Each structure stands twice: as C-alpha cells, then as structure tokens.
Amino acid sequence: MIELRKVCFTYGKGEQKSGLRDINLKIHKGELVLLCGESGCGKTTLTRCINGLIPHYYEGSLTGTVCINGKEISRMPIHETARVVGSVFQNPRSQFFNVDTTSELAFGCENMGFPEEEINMRMAEAVADFTIHNLMDRNIFKLSGGEKQKLACASVSATGPDILVLDEPSSNLDSKAVEDLRRALKTWKKKGKTIIIAEHRLYYLRDLVDRTILLENGAIIKEFTSREIVTLQQKQTEQLGLRPFHLPSSTKVVPLEPERDETLDLTGFTYSYRGATPAVAVDSLQIPKGSISAMIGLNGAGKSTFARCFCGLEERFKGIVKDNNGLWRNKDRLRRCYMVMQDANHQLFTESVLDEVLLSMKKPDTAAAENVLLDLDLLPLKDLHPMALSGGQKQRVAVAGAVASDKEVVFFDEPTSGLDLKHMQYTSTVIRKLQEKGKTIFIITHDYEFILRTCRRVLHFDSGKIIGNYPLDEEGTARLLEFFLIKSREET
Amino acid sequence: MTDALLSVKASPQAIKLDPRTKLFLMFVISTIMISGSIEGEAAYVRLVLMCVPFVLLLTVKRLKEALLYVFFCIVAWFGEAFLVYSTTGILNILIVMLSGLILRFIPIVVLGYYLVSSTHVGEFVAAMERMRVSQKLIIPMSVMFRFFPTVAEESRAIGDAMRMRGLGNKGFFSNPVTLLEYRLVPLMVSIVKIGDELSAAALTRGLGGPGKRTNIFRIGFGPWDVVLLTLVTAAAAVYLLA
C-alpha cells in the first residue's frame, strides 16, 4: 500500500514545475489510479514522490511523509525503492542506457544483481508478456517511438516491481502504439500490480481505471470512481479541463468552408532512404491552396518523409510541386515552406524570444514581430532566452517563427503531443488563424480531437502510399474515427 | 521460450573476439601505424597489421567496406612509395599528405568501427570488470556508446531546422561564429536535457546500488583470440627490435 500524508513539495531553484500542496492519498494494492489535470498541476511531481526521485534526485523542500508498505521513501536509498517501484517516462528517447534492446531489457535486473539464470528467465517472461520477440537484439536508435515505449514497459516489468509509475507514457505514440500500451497496462493489472499513471490522453484508460484523481495547482481537488468516469459526458470533462474519456462522441464537426480552386499539384513523390524500400511512393496528389490537411497514419507510414521531401530537406528527392505560377524546385521549396518540428528545442537559436521572431523575417521589423508575439500571447516574454521557457511556451515561439516567416506552406509535426485540453485548443486557434492568412497547412498528428477541431481534410498514409484523401464532412469524420478505433474493434 | 530468446541473442559474427583482445589490437595497431614508416623491416610489420582490420571487417560481413579499405590502402601505399619521388610542387605536397594520412589513420578508423559495431555494451562492461577497472569509470564509459548516436541524431535535427530557416551553411564564411552558436546552443541544451532525464531513469532502475552487478554477457578467450594476440604481439616485438 502507498500512503501519502500531508505531502507538500516546492522545487528548488531552476525548476519550473509546480510543487504539491497538502496531498493526502492512500493507494491500495492492485489499484490503477489515474492522475489528471492541466499541464503544471503537479501530476508529474506526485509520480516523482512515489518513485523516490523526489527527494533523491530533484531538489526542493519536502514535508509530510510518503510511505510504501510502511517504509518511508525519503529515508530509503533510491536503489532500494527501485526494487519495489518501476517507472516509465514520457520521452521514449531518454530512458535508455544501452544501445541494443537485449542489454536494455537486462539492465534493471543486472543492476539489482539477480543471478544470470534468473535474469534469462525474467527476460523471457517479459518478452512473452509484451510480445516483443521482433524487437530483441536490435539497435534501439532504429526503433520507432512506440516500439521504444513498449521496450521501456517490458524492461521495467522484467525486474518485477509491485508498483508501476507511468508519467504521460502515451504522449509520443500513434493509435496502434497506444493500444499496445493499453495491453501492457492490462497485463500488469491481471498480475495484481499497483499502477499509478499521469496522463492527458484518457480515452484508452477508460476500461482500466479504478480511481481518477484530479489535481489543480498542486492539490487534489476531486476524485472519481470508475463508474463515475464512464458516465461523465464530454461537456463535464471539458469543464474540468480534461480530454474526453470517449472517442466517438468527441467533438462536433466544424462547418467546411468552400475550398479555393487553386491547387498545389504534386507528382512523383517517391523517395527511399539508402538501400531501403521507398519510404514514400505517391504518384500524384492535388491539395487545394489555403487548406488545412491532417496527415494521419501509423509511425513509419511515410508522413515525415513526405513532409521532409515537400519542404526540400531531402536533396536527392526528385519529385515535383507545381502551382498556377510554375514549378517549385527543391531550393524554392526550402524557401517557401516551413516546418514546426516536434521537439521545439531543435529549432530555437537566438538569445531572446523577439530575436527568434526577427530571425524568421525576410526584412526584420520589430513592430511587426511584436504583433506576432502579441497574437500568440508571448509579448510579456519577449526579452527572455527561449531556452528558459516551459515546453509549451517554446512550442509557441516555434509557431511564432512560422507565422513571422510568412512562408506559403507550413508543416506541423505533432504539435499537440503531450498537451492538455486548454493548450490543444490554443494551438488549434493559432493554426486556424494562420490559415486565414491564406497559408496552406499540413499537420502530422495522432490526435483525433485536435483533427476534428482544426483540419478540413485528411491525408491517410499507409506504407508510403496515400490510401485516403478526403474532406472532413460527415462521411469523412466517420472514416477518420474508423482509423482511430480500428484496434479496439479487432479485439472484440 | 528461453531458447527463442537465446537464439536471437546469437551473434551474426563469424569469429567472436573477446573485447580485451579488441582493445589490445587497437592499442598496438594504432601505435605502430601512426609512428612507423614504409621503409625498412618495419614496413613488413605494418603490412601484416594492415591486413588485420580487413579480416575483421570480413568477419562482420562487411564485404564492400573491406574491399574499399584494401583499395585505399593499396593506392596510398603506392602513392607514398612511388609518386612521392616522381612529382614536385603542390601536387607532391598533396600526395605526401593524403597518402600519409590515409595509410596511418584508415586502419585505425576501420578497427574502431569494428570494435564499436561488434561489441555489446554489456560485453565491454564485462571486459572492463575483469580488468578490475573501477565502476566509477566503467559507467561513464559505457554511456559513451549511447552518447555518440544521440549527439548525431540531435545534430541532424538541428541542421534540418537551420536549413529550414535559411541558416544553412552558405553564410558560413561571412558569419561563422553566429552559425556555430546557432548549432551548438540548441545541441547542448537538448543533450543536457536528455542527460538529466536519462540519469533519473537510470536511478529508478537501480543503477548505482551497492551490491554486485550481474552481467549477462559471457566473455572469454577463444582460439581466435590466441591467434590474433600472438600475431600482434609478435609483430610488436619485431617492430620494437628492428
């Protein structure tokens, strides 16, 4: 049993995450507890109190007690806690210590000094439980985000902890990988493990959760039983600032505006990385100018490669983009397209937010730049260093760069991964504003609610081909939902 | 079940060497290659040692790379042995520099590639433990295996973002410092972030506990280790005495 009594925590200097205020919580053995609430509500902090990273890794002032089976976490060395509590984190790229998958699976067990025979047994069991035979003895750097997260679950599971703590594990996953994650949780639940999961995306947890805890500003403000969750209507979850628990009834369809006649004509979009089968193979495609298209499909379906080719980032790419005024060559496209990447850290270069916007402009103009910042609610931050901002703010600065660049085509690569309801709606508004300025927009995304809110068209990728190109009218919406629910249907 | 697991663990290499042998080869071959010349008896020693990376490349089934390696070696040897005396001026300087560099460094680079691509981190750690290296040194060294691909991955992403924003390499000569800053600052920030998250993850998986760590990788010397160790030791002896 886990027991938190009067827990208060404030981070030391240099951490922007919010702390916790007077948390009292008992979690029984075998329970699956969901922690939810807006970004910065203290979910992540709470998980860190349970796996011992607070107070052993993240510094700050902690009062109150956190006990697991009667033992106080703060008095126990963290390698002892590690035997009881396993942790899966948000970022699949940064929870690996090894280069190959087999070593990674063994890593935890090796650290705990289990005998070799036992490690082999435990590994075999984890491989079977999570059906990752196909992932063994491979280079981790070559795995997709979903595969990495699956391996992370299996590796944690191999050491056999009684308690599992997951911090936004689905943030970077496509719909199939989310389904795999759901199965992993189910496996653990069947084995009687206690699970604590902090999450924004809720729909996949609906049937698994025993108790849902809503946090706000570091305090628990509400608790729901599993029965209450099932009956929650979308309006109610929205009022609580949460993503819905049900996919189908998610969002109403926004009326479609008539599309412009001008189109971008794409031909010969075929590209393969060295020696591999083509990552994209699209013969021809027409996209109305000034539209917002959602690019959907599983990881590895060719969405990113398509985007990179379109933007002119792949120099060997020979495909053609044409509009009424003529041909766009690779170099032209590099000039006329902009991509907002998934990891904002990679595309912020200057020393202040304002400079960042100015850098994007063809003719730097401070007044215009400040206008852009105002639109994005960034003006008060204009003199700060971009790297000193929070994740969501960085993402907005990256978007500000795209707006200021005044380029004709803008790609967004998973702009809402890991965002709560409020920030997802915010991003949606910003992108629609950009479209009103006449830009053609493509969004790579795995976020069903966000697509309905933002996009007018869908491009469905599968193994490098486009197998669907349709407007989001009533029929289109039904088709979209079919894609997102395909897995759960297979199971029934 | 365990069998299935073990079978995927079986290595695709024709000859499996102990990591300690690989380290020893690396040490001897790089020393002799860098310091030696192509004249006198030492030349034969170098010739023999240059064949070692070739054979090792073949054992990890890199035929194309192996042939390329042989080609470069022959051309560079030819250059250093003959062309140097029959050319003059800038061409001469170029040939001396290029063939000298290729001859001295390519075997080392190839050997390094072999070492990294054929060794599991776990095997490397096991070898270090056998050599009684302290854990305080082993852990950072084993992270290095993971560190370089991470840096490469991050750096590529940043390079793309720069080109997207019109900050490509074209302006490099007019403004090298700014461009370098644009590339390095985001790189360092994301590496620090990854490092921070990685440390947290490693702690929750019990790294750094006081007990003895198990290592599932078995290492040990086989007949091929003996062959290569003898060969290289003999070469080193001849080289030193000659």
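The values are calculated or read from the model by the stated rules, or taken from the named source; none is laboratory data. Predicted model only: the values in this text are computed from it and were never measured. Cβ placement follows ideal geometry from the backbone for every residue including glycine, while neighbour counts extend to all protein chains displayed.
Computed quantities for the displayed model
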| quantity | calculated |
| --- | --- |
| Selection status of B:Pro186, within 7 Å of chain A (Cβ to nearest Cβ) and closer than 20 Å to A:Asn139 by Cα | no |
| Residue in region A:195-205 that is within 14 Å of chain B (Cβ to nearest Cβ), at pLDDT 95 or above, crowded, with 23+ Cβ neighbours inside 10 Å and in contact with a Lys or Arg (Cβ under 6 Å, 6 or more places away or on another chain) present | no |
| Leading residue by the ranking (farthest from A:Leu202 (Cα to Cα)) among those in region A:389-403 that are within 12 Å of chain B (Cβ to nearest Cβ), surrounded by fewer than 24 Cβ atoms within 10 Å (Cβ to Cβ) and not basic (Lys, Arg) | A:Leu389 |
| Region A:265-304, residues that are in contact with a Gly (Cβ under 6 Å, 6 or more places away or on another chain) and in a loop (DSSP other than H, G, I, E, B) | A:Pro278, A:Ala279, A:Gly290, A:Asn299, A:Gly302 |
| Contacts under 6 angstrom Cβ, first residue in region A:469-482 being farther than 20 Å from A:Lys176 by Cβ, partner in a helix (DSSP H, G or I), 6 or more apart | A:Tyr470/A:Gly476 |
| Positions within region B:121-165 being in a helix (DSSP H, G or I), at pLDDT 85 or above, more than 30 Å from A:Gly401 (Cβ to Cβ) and among the charged types (D, E, K, R), in sequence order | B:Glu123, B:Glu129, B:Arg130 |
| Selected residue [more than 7 Å from chain A (Cβ to nearest Cβ), surrounded by 13 or more Cβ atoms within 10 Å (Cβ to Cβ), at pLDDT 85 or above and part of a helix (DSSP H, G or I)] from B:Leu229, B:Leu179, B:Leu203 | B:Leu229 |
| Identity of the residue in region B:118-152, of a type in the set (Val, Ile, Thr) and within 13 Å of A:Asp100 (Cα to Cα), that ends up surrounded by the fewest Cβ atoms within 10 Å (Cβ to Cβ) | B:Val143 |
| The listed residue being among the polar types (S, T, N, Q) and either facing another protein chain (nearest Cβ under 9 Å) or in contact with a helix residue (DSSP H, G or I) (Cβ under 7 Å, 6 or more places away or on another chain) (or both), out of A:Thr47, A:Thr101, A:Thr63 | A:Thr101 |
| Selection count, region A:307-327, where residues are of a type outside the set (Gly, Ala, Ser), more than 12 Å from chain B (Cβ to nearest Cβ) and under 24 Å from A:His460 (Cα atoms) | 7 |
| Test: residue in region A:436-458 that is under 23 Å from A:Leu374 (Cα atoms), surrounded by fewer than 20 Cβ atoms within 10 Å (Cβ to Cβ) and not acidic (Asp, Glu) | yes |
| Positions within region A:378-402 being touching a residue at least 40 places away in the same chain (Cβ under 8 Å) and either acidic (Asp, Glu) or in a helix (DSSP H, G or I) (or both), in sequence order | A:Met387, A:Gly391, A:Gly392, A:Lys394, A:Gln395, A:Val397, A:Ala398, A:Val399, A:Ala400, A:Gly401, A:Ala402 |
| Failed condition for A:Ile132, given (1) modelled with pLDDT of 90 or more; (2) within 10 Å of chain B (Cβ to nearest Cβ) | (2) |
| Index of the failed condition, A:Ser157 passing every other in (1) under 15 Å from A:Asn91 (Cβ atoms); (2) modelled with pLDDT of 90 or more; (3) of a type in the set (S, T, N, Q) | (1) |
